[in-house]
1. Let me make sure I get this right: for the stretch 114-215, a, b and c are the square roots of the gyration tensor eigenvalues over alpha carbons, sorted descending. Under 1.5 in a/c it's rounded, otherwise prolate if a/b > b/c, else oblate. Which is it?
2. Mind checking the full-extension length gain between A240 and N271? Use 0.36 nm per residue of separation minus the Cα-Cα distance, one decimal, nm.
3. Given labels modelled 7 Å from the Cα in the Cβ direction, how far is it in nm from K304 to K142?
4. Let me make sure I get this right: for the stretch 239-337, a, b and c are the square roots of the gyration tensor eigenvalues over alpha carbons, sorted descending. Under 1.5 in a/c it's rounded, otherwise prolate if a/b > b/c, else oblate. Which is it?
5. Sticking with the crude label model, points 7 Å out along Cα→Cβ, report the distance from L315 to F227 in nm, one decimal please.
6. When you have a sec, figure out the Kirkwood radius of the stretch 390-524 from all distinct Cα pair distances and drop it here in Å to one decimal?
7. I'd like the FRET efficiency for L432 and K386, computed as 1/(1 + (r/R0)^6) with the beta carbon distance as r and R0 of 25 Å, rounded to 0.05.
8. Once the Cα gyration tensor of the stretch 131-284 is found, what semi-axes does its equivalent ellipsoid get, as square roots of 5 times the eigenvalues, in whole Å, sorted largest first?
Amino acid sequence: MQHAILADDQDIPGAHYYKAVLPADVNAKGAVLVIYTGGTIGSLPVDLADPDSPQVVVPWDEYVRRTPQFAPGQPAFIGCRVDAYAFDKPLDSCNVGPGEWVMMASIIEKHHDEYDGFVILHGTDSMIYSASALSFMLINLKKPVILTGAQIAYLFNSRNDGAQNMVTAIGFANPKLSGVPLVPEVCIYFNHKLLRGNRARKQDASGFDAYYTPNFPPLGEAGNRLFVDERLVLKPNDQAFQVVRRLQPNVLTFDVYPGIQNTELARNILNTKGIAGIVLRAFGSGNIPTKPEFLKVFRDAHAKEIVVQNVTQCLHGFVELGMYETSAELLEVGMVTGFDITPEAALCKLMVLLADEDLSFEERAQKAQRSVAGEMSRSLYVQALKQQKALEVRDDSDPVRLAPDRPIEGNWRGDKVFNASLRLYGGRITLLEDSPHIGIEVYLNTKSGDDLKRNSPNFAGYFRRRVTSVEADKEMIVGLDITNAARQLLNGGDRVSATVRIVEGKGILSWKDSELAVFINERI
Ligand code: ASP
């Protein structure tokens, strides 16, 4: 192989680095590092005489021998320098997991500044997991990392998708070659579409259109030209690129389904020793059977500091725990919201978050609800609020001021607020003297002694509350929607206080804990 040399034997254990030797007269536009991990794109039938015999992944030298036109060091064809890192034992992607993700991440870390972009040749079966995991492991990435593969083994078959997938992925990875805008994200390129990796799902086991992103548009498309929709691409920041190497593999996905009333079964699964996190695939917008014994399984998991993230079994749409009082019970057992995250991205995100020893259990749970690599269309920021006096307000008492002990987190502005509410946990409304309801007012950021007026900019809402017979003896989460005021008055990093008073009817509103929950739209 005169066009590629083994550059470094000891670089990354389990992989070898091959550098192209370019002829002097070649004007290569930029450079891409291809990481060869295996998959159908690198497979051949075991018996070459029988194309239907089982396929096996071939080692790199065999791969290069069979595809000289794509091998590193052929800039006349591809137009840029293409170096390669090859796994010594390339794998069917069914066998790719956290250990291999760390290898890929380490290769990219080591060579991040030398190349314009990276292309990972990967099996299609677990590609969305690898893409999701890498998106959380490569923090503050500045270069494109594009996974691709094939549905037809292309090394021996001229009717294939692998060749186009690979050459076009190199184009998207290398703006100097193709002229496309820089996409500093982990992507999947497949069948003419550039997709955000942690949004992708595998939709076809055999067809060429194997992936799509149900809750996010394609980042780009390839026709006679390559196109990238810059508005959708994550903006790079000026913080240093870093790589996560520790993962917590003890997370599991758990489906609810009609008939999962056998709580013993659920309890046994969720009590498996060592479990650190659970992705709970729930119905619709996050609902699960609400039998008290079933809910207790999750309350117990929370008490054992197991993060349970609720995602939807639907292909489109959002989990909306706590946005309405109807799903309040799941919040009370400590479940966290997954919004529109894919189950695969949720699993990989938990593997990364739960391995972060700098974070407490509470911080891990909070971070799971925030989009960190463009994986969710919404984020949730929760700010605990404290008060000095009794945890109640009466029609004849002074207003109660709830104040934070630290600023609300995040780097967002008020115009990104999608929904905001004041949540009173363990809330109870007691009506007195035959009052049919009480009227509650909420103000944001007032000082004690301020004159509270509805026409003041601090007014956040008026809420008329009755008590149904079901609620009469029950503690509940009282959610007070303050979205409009939050849009005007809040930004990430602010200290936000809330003041509550009863202005109508006779009664008491009491609670045990309170917080401000701010839902941010990550798509605007
Ligand atoms: N089983 C193969 C793999 O994931 C399938 C493929 O690449 O299409 O490695």
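The values are calculated or read from the model by the stated rules, or taken from the named source; none is laboratory data. Small disclaimer: the values here were computed from a predicted structure and weren't measured. Positions of Cβ are backbone-derived with ideal geometry, glycine not excepted, and every protein chain shown enters the neighbour counts. Only protein heavy atoms, including side chains, enter the accessible area calculation; ligands, DNA and RNA are left aside. Shrake-Rupley method; radii C 1.70, N 1.55, O 1.52, S 1.80 Å.
1. Since a/c reaches 1.5 but b/c is at least a/b, the shape of the stretch 114-215 is classed as oblate.
2. Difference between extended and current length: 7.2 nm.
3. According to this spin-label approximation, the distance is 4.4 nm.
4. Since a/c reaches 1.5 but b/c is at least a/b, the shape of the stretch 239-337 is classed as oblate.
5. 2.3
6. So the Kirkwood estimate lands at 15.4 Å.
7. It comes to 0.40.
8. Value: 34, 21, 14 Å, ordered largest first.
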